[in-house]
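Below: the structure, in structure tokens.
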Amino acid sequence: MLAFAAMVAFGTVLLLLPAATESGESAGFVTALFTSTSAVCVTGLIVVDTPVYWSTFGEVVILGLVQIGGFGIMSLATVLTLVVTRRIRLRMQITAGTETKSVTIGDVRQLVSGILRVTLIFEAAVCAVLTLRLWAGYGESIGHAAYLGLFHSVSAFNNAGFALYSDSLQGFATDPWITVPVSVAVIAGGLGFPVWVELWRHARRRKEPHSWTLHAKITLATTGVLLAVGWVAFVVLEWRNPATMGPLSVGDKVLTGWFQAVMPRTAGFESLPFGEMNTQTLLMTDMLMFIGGGSAGTAGGIKVTTFALLAFVIYANVRGEATVHVGNRRLAAGVAQQAITVALLAIGLVFSATMALMVITPFTLDEILFETTSAFSTVGLSTGITGDLGTMGELIIIALMFIGRLGPITLASALALRRHVRRFELPEERPIVG
């Protein structure tokens, strides 16, 4: 956390330089700090219009901070996953198989190089598609098209949501050559490196039996369900809204619904204005943002694995079972407790920030809840109120972005590694529940 705080400070200093703004004047401290935090924490929330306010130098600084932040998050989370699983396996000595060891790369150097290869492959592929489309379809020069393609591919894979268009990607809402590659990059970055290791192994062993880890099964299945639910919900809720999908054709409605269903996985691109969406749509988006994407990836939120594990815990309790089973595995009691702790602390943090902003700003509950959930989950979507929150409101959002980005990772790792063995137990008593 200290390393990321240092990177935020370094980015703030660079963005304070007069060369970082179009006007040639130094940006305000809070503006620079907010933008740097949003970039390093791969969020995408902005208090100034990125292509208008920041110069090319400033945009390059933001791009660099996004790349470093996203790569750092993937590396940090994957290394912590490796440490936690190996530590627990050594303590337990004997386990029912090795399904918990989702990352089996021998050393950290190989692990980080693998993350780098995955990152570069996806970013290069998406950059190439976007560059060709902007050059051939929109009349951009090849150099400027390449710059735009690179910026948006890096921003998409790292789930950052920074865009070099004042209306995000609303101008490309009905262009599948732009929206589909961007959405694929967002999903890829949000799955997490351990899942990509599993997919790579499965591809190499097509003719041999391959046992999927529980983590990969949960992540892929839950991601698919949430994408499908979000897609249908966006299309149904906004179908007749004249300010969003109403004027579009059926095919364009399906396309924009898909794109907006992907973005709550914690990328802040917009093809439709969220400020004009129905209240029901905003609430549904709040839930998708809060859940987020996969562990050890560039996505934020409490993570799809946490959400799925909570569902399995509830199912087991409803059935009256003393233990929780997922597929053909029994879930360790400590894992369920970690999931509950992370989720409840996240709810408490979002609730507290929402209450504070309701006191100091004039905005409505649905607008503020959307903003705080987006900040905590490092999504970057907004109804357009970010720049009007005032200094104190912006500082609250800065804290939410930083805690939301690193808090769940460090908390889950600390809970997994810290095992306190009680030497005695007190008499049992059951208070009334419900």
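The values are calculated or read from the model by the stated rules, or taken from the named source; none is laboratory data. Source: prediction; values computed, not measured. When we count neighbours, we look across all protein chains shown, and the Cβ atoms used for this are built from the backbone with ideal geometry, even at glycine. What goes into the accessible areas is simple: the full protein's heavy atoms, side chains included, and nothing from ligands, DNA or RNA. Shrake-Rupley method; radii C 1.70, N 1.55, O 1.52, S 1.80 Å.
Some observations on this one:
- Pairs, first surrounded by 12 or more Cβ atoms within 10 Å (Cβ to Cβ) and at pLDDT 85 or above in the range 312-338, second assigned to a helix (DSSP H, G or I) and among the basic types (Lys, Arg), C-beta under 9 Å, six or more apart: Val326/Lys217
- Residue within the range 384-394 that is small (Gly, Ala, Ser), open to solvent by 50 Å² or more (accessible area, probe 1.4 Å), under 29 Å from Phe157 (Cα atoms) and modelled with pLDDT of 90 or more present: yes
- Residue list for the range 224-260, restricted to those being surrounded by fewer than 22 Cβ atoms within 10 Å (Cβ to Cβ) and of a type in the set (Ser, Thr, Tyr): Ser249
- The residues on offer are Thr354, Thr279, Thr266, and the sole one that is touching a Leu at 6+ places or on another chain (Cβ under 6 Å) and hydroxyl-bearing (Ser, Thr, Tyr) is Thr354.
- Qualifying residue in the range 289-297 (condition: more than 24 Å from Asp366 (Cβ to Cβ), within 19 Å of the chain's Cα centre (by Cα) and modelled with pLDDT of 95 or more): no
- Set side by side, the residues Arg201, Arg133 differ, and just one is of a type in the set (Lys, Arg), at negative phi, at pLDDT 95 or above and open to solvent by 30 Å² or more (accessible area, probe 1.4 Å), which is Arg133.
- Checked against the criterion of being among the small types (Gly, Ala, Ser), open to solvent by 40 Å² or more (accessible area, probe 1.4 Å) and modelled with pLDDT of 95 or more, the candidates Gly106, Gly149, Gly139, Gly143 yield just one match: Gly143.
- Test: residue in the range 13-20 that is open to solvent by less than 30 Å² (accessible area, probe 1.4 Å) and either in a loop (DSSP other than H, G, I, E, B) or within 17 Å of Ala160 (Cα to Cα) (or both): no
- Test result for Ala128, surrounded by fewer than 23 Cβ atoms within 10 Å (Cβ to Cβ) and in a helix (DSSP H, G or I): yes
- Residue within the range 44-55 that is more than 20 Å from Gly161 (Cβ to Cβ), surrounded by fewer than 15 Cβ atoms within 10 Å (Cβ to Cβ) and modelled with pLDDT of 95 or more present: no
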